[in-house]
Amino acid sequence: MKVIDTHCHLTDRRLANQLDLALARAREAGVEKIICASSDVAESRAAADVAAGHQDVYFLAGVHPHEAKNAQAGYLDELAELAGRVRNVAIGEIGLDYHYDFSPRDVQGRVFAEQLALAKRLGKPVAIHTREAFEDTLAILNEQASDWSRLVFHSFTGGPSEVSRLVERNCYVSLSGILTFKNAENIRAAAKLVPLDRLLVETDAPYLSPEPLRHIKTNEPAHMVHVLARLAEVLGRPADELAEAVWANTLRLFSL
């Protein structure tokens, strides 16, 4: 069974300090490809370096809403250069986060829109982060996105009503370890509404360790198998069939 972790943070110090071991454990667990997400330009460069040194790793380049306030003049040019590298697969993760509001909301919106425009110009897919900002996220996408089928909502935490609107627009939906949590019935209900050809899975490591490993503080790509197993249980499909579909979806979206 070939497994892919479509979104994790290998440059986070908790994984970067044990990178070779974490990648070895991932391979032992059947995780054959990993996509490393980024939160700012510096992390995008670090992710590019990790991908360049490991044939099973690809990377995203982007400015997370938490870091939007720190986006410097010229940041789009730097992202464009990184997005042109061979192992870059998308712009991300980008979007809006109103839970913490680490950046002013107007700044988050501007930086999100600017990066969407960049992705459109470069012909790149986009990995989207949205937290407690679903309506505003869709409003900006309505203005900026020309092809919704090249968007993935990573670590989806909405319910059936939200996911239905994404399905209508032909978006991809990625499910993380949150799916396995005891109180995540809303997410599990939403997962059942996503067409099989639009499903992705991820760890979002080092965050969100899945059950039965929630006691492990540092999540890692090897734990992808637990997310996949729970999703297979929710959907009533064999895990290997689901893994094959997710593999094909990921290759299609990111042109791997």
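The values are calculated or read from the model by the stated rules, or taken from the named source; none is laboratory data. Because the structure is predicted, anything quoted here is derived from the model rather than measured. Cβ atoms come from the backbone with ideal geometry, glycine included; neighbour counts cover every protein chain shown.
This table checks each residue for (1) modelled with pLDDT of 95 or more; (2) out of contact with any Leu (no Cβ under 6 Å at 6 or more places or on another chain); (3) more than 24 Å from ALA139 (Cβ to Cβ).
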position: VAL50; (1), (2), (3): yes, no, yes
position: PRO65; (1), (2), (3): yes, no, no
position: LEU82; (1), (2), (3): yes, yes, yes
position: LEU96; (1), (2), (3): yes, yes, no
position: ASP106; (1), (2), (3): yes, yes, no
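This table checks each residue for (1) of a type in the set (A, V, I, L, M); (2) surrounded by fewer than 18 Cβ atoms within 10 Å (Cβ to Cβ); (3) on the phi > 0 side of the Ramachandran plot; (4) touching a strand residue (DSSP E or B) at 6+ places or on another chain (Cβ under 8 Å).
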{"residue": "LEU179", "(1), (2), (3), (4)": "yes, no, no, no"}
{"residue": "ASN183", "(1), (2), (3), (4)": "no, yes, no, no"}
{"residue": "ASP204", "(1), (2), (3), (4)": "no, no, yes, yes"}
{"residue": "THR218", "(1), (2), (3), (4)": "no, yes, no, no"}
{"residue": "VAL225", "(1), (2), (3), (4)": "yes, no, no, yes"}
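Is it the case, given these coordinates, that SER164 is modelled with pLDDT of 95 or more and in contact with a Ser or Thr (Cβ under 9 Å, 6 or more places away or on another chain)?
So SER164 fails the test.
Would you tally the residues in the range 115-166 being β-branched (Val, Ile, Thr) and within 15 Å of HIS64 (Cα to Cα)?
5
Just give me the residues in the range 247-256 being under 14 Å from LEU199 (Cβ atoms) and modelled with pLDDT under 95, in sequence order.
None - no residue of the range 247-256 is under 14 Å from LEU199 (Cβ atoms) and modelled with pLDDT under 95, so the list stays empty.
Which of the residues that make up the range 167-181 are of a type outside the set (A, V, I, L, M) and either modelled with pLDDT under 95 or under 19 Å from ASP97 (Cβ atoms) (or both)?
CYS171, SER174, SER176, GLY177
Quick check on my filter: what residues within the range 84-94 are among the β-branched types (Val, Ile, Thr) and at pLDDT 95 or above?
Pass one, the range 84-94, residues among the β-branched types (Val, Ile, Thr): 86, 89, 91, 94.
Correct list: VAL89, ILE91, ILE94.
In the range 188-201, what count of residues is obtained for those that are within 15 Å of ALA232 (Cβ to Cβ) and either outside any loop (DSSP other than H, G, I, E, B) or of a type in the set (Asp, Glu) (or both)?
Qualifying residue count, the range 188-201: 6.
Does any residue of the range 16-27 turn out to be surrounded by 15 or more Cβ atoms within 10 Å (Cβ to Cβ), touching a residue at least 40 places away in the same chain (Cβ under 8 Å) and in contact with a Cys (Cβ under 8 Å, 6 or more places away or on another chain)?
Within the range 16-27 (the criterion being surrounded by 15 or more Cβ atoms within 10 Å (Cβ to Cβ), touching a residue at least 40 places away in the same chain (Cβ under 8 Å) and in contact with a Cys (Cβ under 8 Å, 6 or more places away or on another chain)), the answer is no, since none of the residues qualifies.
Output the number of residues of the range 158-178 satisfying the condition of being in a helix (DSSP H, G or I) and either aromatic (Phe, Trp, Tyr) or in contact (Cβ under 8 Å) with a residue 40 or more places away in the chain (or both). Please lay out each step first, then the result.
First pass over the range 158-178, keeping only residues in a helix (DSSP H, G or I): 160-168, 177-178.
If we keep only those that are either aromatic (Phe, Trp, Tyr) or in contact (Cβ under 8 Å) with a residue 40 or more places away in the chain (or both) as well, we get 177.
So the count comes out to 1.
Could you please find all residues in the range 142-157 being under 11 Å from VAL126 (Cα atoms), assigned to a helix (DSSP H, G or I) and touching a Leu at 6+ places or on another chain (Cβ under 8 Å)?
Of everything in the range 142-157, those that are under 11 Å from VAL126 (Cα atoms), assigned to a helix (DSSP H, G or I) and touching a Leu at 6+ places or on another chain (Cβ under 8 Å) turn out to be TRP148, ARG150.
Only residues that are within 18 Å of the chain's Cα centre (by Cα) and in a helix (DSSP H, G or I): list them for the range 128-141, please.
PHE134, THR137, LEU138, LEU141
Starting from residues that are among the aliphatic types (A, V, I, L, M) and surrounded by fewer than 15 Cβ atoms within 10 Å (Cβ to Cβ), keep the ones in the range 40-92 and report whichever is farthest from HIS7 (Cα to Cα). Can you show your working first?
Going through the range 40-92, the residues among the aliphatic types (A, V, I, L, M) turn out to be 41-42, 46-48, 50-52, 57, 60-61, 63, 68, 71, 73, 76, 79-80, 82-83, 86, 89-91.
Those left that are additionally surrounded by fewer than 15 Cβ atoms within 10 Å (Cβ to Cβ): 42, 52, 73, 86.
Numbers: ALA42: 18, ALA52: 17, ALA73: 27, VAL86: 18 Å.
Looking at residues that are among the aliphatic types (A, V, I, L, M) and surrounded by fewer than 15 Cβ atoms within 10 Å (Cβ to Cβ), I get ALA73.
Please state which of the following conditions SER164 fails to meet, knowing it meets all the rest: (1) in contact with a helix residue (DSSP H, G or I) (Cβ under 7 Å, 6 or more places away or on another chain); (2) among the polar types (S, T, N, Q); (3) more than 27 Å from ASP49 (Cβ to Cβ).
Result: SER164 passes all but (1).
Restricted to the range 227-236, and to residues that are touching a residue at least 12 places away in the same chain (Cβ under 8 Å) and of a type outside the set (Val, Ile, Thr), which residue is surrounded by the most Cβ atoms within 10 Å (Cβ to Cβ)? Give the steps one after another, and end with the answer.
In the first step, residues of the range 227-236 are kept if they are touching a residue at least 12 places away in the same chain (Cβ under 8 Å); the result is 227-228, 230-231, 234-235.
So of that shortlist, the ones also of a type outside the set (Val, Ile, Thr) come out as 228, 230-231, 235.
Details: LEU228: 25, ARG230: 23, LEU231: 22, LEU235: 18.
My answer is LEU228.
Given the criterion at pLDDT 95 or above, of a type in the set (S, T, N, Q) and closer than 25 Å to TYR58 by Cα, identify the matching residue among ASN219, ASN186.
Details: ASN186 fails: closer than 25 Å to TYR58 by Cα.
Among ASN219, ASN186, only ASN219 is at pLDDT 95 or above, of a type in the set (S, T, N, Q) and closer than 25 Å to TYR58 by Cα.
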